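The values are calculated or read from the model by the stated rules, or taken from the named source; none is laboratory data. Keep in mind it's a predicted model, so treat the numbers as computed, not measured. In this analysis, Cβ positions are derived from the backbone assuming ideal geometry, glycine residues included, and neighbour counts consider all displayed protein chains. Each accessible area value is taken on the protein alone, full model and side chains, heavy atoms only, with ligands, DNA and RNA left out. Shrake-Rupley method; radii C 1.70, N 1.55, O 1.52, S 1.80 Å.
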Amino acid sequence: MALDLQMLGDKLKRYREQFQLSHQELSEATGISADVLSQFETGQREPTGDEILVLADFFRCDYRFFISNEKLAAFEQTETLFRMDGDQLSREDRWAIQEFLFLCECEEFLMQELHPAERTPFVFSKQGTFYKGHGESAAESLRRHLGYQPHAVNRDVFQDFRQIGLHVFRRSLENSNISGLFIKHPYAGKCVLVNDSEDPFRQRFTAAHEAGHAILDDDKDVVVSFARWDHSDLSEVRANTFASRFLMPQEFLRSLPAPGQWPADKVQEWCLKLMVNPEPLSYALKDADIISDTQRDAIRVMKVPQGLKPDAELPASLAPRSRERGKQLLKKGLSAAYAGLCLDAYDRGLISAGRMAEMLLVNHGELEETLEVFGGTRHHGD
């Protein structure tokens, strides 16, 4: 079948424009001359196989995206996202989102190859038109699906959501007003990005909030959540309700001793046990009719010192140097869970050291140091 040069050129041009690149900038990044790139875009020149691979590698997408009609990349989703909220996203943020989607694709491939039967997909059917009720019911249903007792508190929610098939990655974004986003990837499925620029407890709540969108707004391809959101937006209210009920089950809250009389140190104690900040805890307690409006307002403004907040994805056993390196890797989206999949695939001979470095967003020279953080090593000779 002849290559459709017009289709390829249109995709290349639109991708380049999504990331606000000039022909010259793309040329410097790929080694393909600006004139040749322009000819590709207008359908006047057919790229070689190597040139297609170079472009696919640069845009972190499957090379078949450029030469077929298969929906193998989240191209349309990112185009929608950047059209809706492009003024909120710097060029660096756009690339961060593209790398996040690349990680989701890699994780989907690894899960299918390594652990196809380990995920337990969760489907929730909304009943009626009461949005807040959707969030409450979905949270309770998911907790049952995962085997949690009504009063149990789940600490590693990132793993909970990965277990049901969501791809959850933390990635630092320049725009601190964006808490997170949900994107439906044509190959990887439901993908959740959490802004790693926020504190660990806020990120945990955001992960649950975006999971709520993935479960309850699955008719949408893209949802962006802002720290300062429109409280009349029922979809956001629903996702917030889901997150609150999933992280802080009302059965547990009702067992707490006299929360309306808590001094600051007691608020801090329960925030650390629940791994939430005082503000969402105060609203959850009020929503359960356990405290008054005045008591809610008093708890809401209290603080938990940043240094006391544990990170569910950074093991306490890590040495200080590895812990700091782990924090930096999380900002790029690299969790221990994801790195573990990459290492497992490498040890089984499914991927090469070079492919593992690509999947970990590092060059070959940085691979050894990155693997040390996750307790892995490169085979001799690789």
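Some notes on this structure:
- Among (1) aliphatic (A, V, I, L, M); (2) farther than 30 Å from Glu70 by Cβ; (3) open to solvent by 10 Å² or more (accessible area, probe 1.4 Å); (4) under 15 Å from the mean Cα position of the chain (by Cα), the one test that Leu146 misses: (4)
- Residues within the stretch 161-191 that are in contact (Cβ under 8 Å) with a residue 40 or more places away in the chain and either part of a loop (DSSP other than H, G, I, E, B) or farther than 21 Å from Leu361 by Cβ (or both), tallied: 17
- Some residue of the stretch 241-249 being within 18 Å of Val153 (Cβ to Cβ), in contact with a His (Cβ under 8 Å, 6 or more places away or on another chain) and aromatic (Phe, Trp, Tyr): yes
- Residue list for the stretch 113-151, restricted to those being over 22 Å from Arg238 (Cα atoms) and outside any helix (DSSP H, G or I): His115, Pro116, Ala117, Glu118, Arg119, Thr120, Gly147, Gln149
- For the stretch 280-328, a residue qualifies if it is out of contact with any Asp or Glu (no Cβ under 9 Å at 6 or more places or on another chain), free of Cβ contacts under 8 Å to residues at least 24 places away in the same chain and among the β-branched types (Val, Ile, Thr), and exactly one does: Thr294.
- Against the conditions (1) crowded, with 19+ Cβ neighbours inside 10 Å; (2) modelled with pLDDT under 95; (3) of a type in the set (A, V, I, L, M); (4) out of contact with any strand residue (DSSP E or B) (no Cβ under 6 Å at 6 or more places or on another chain), Leu26 satisfies every one except (2).
- Residue within the stretch 41-60 that is part of a helix (DSSP H, G or I) and farther than 21 Å from Glu358 by Cβ present: yes
- The helices (runs of 4 or more DSSP H) found wholly in the stretch 301-369 and carrying at least 3 residues that are among the aliphatic types (A, V, I, L, M) occupy 336-347, 353-359.
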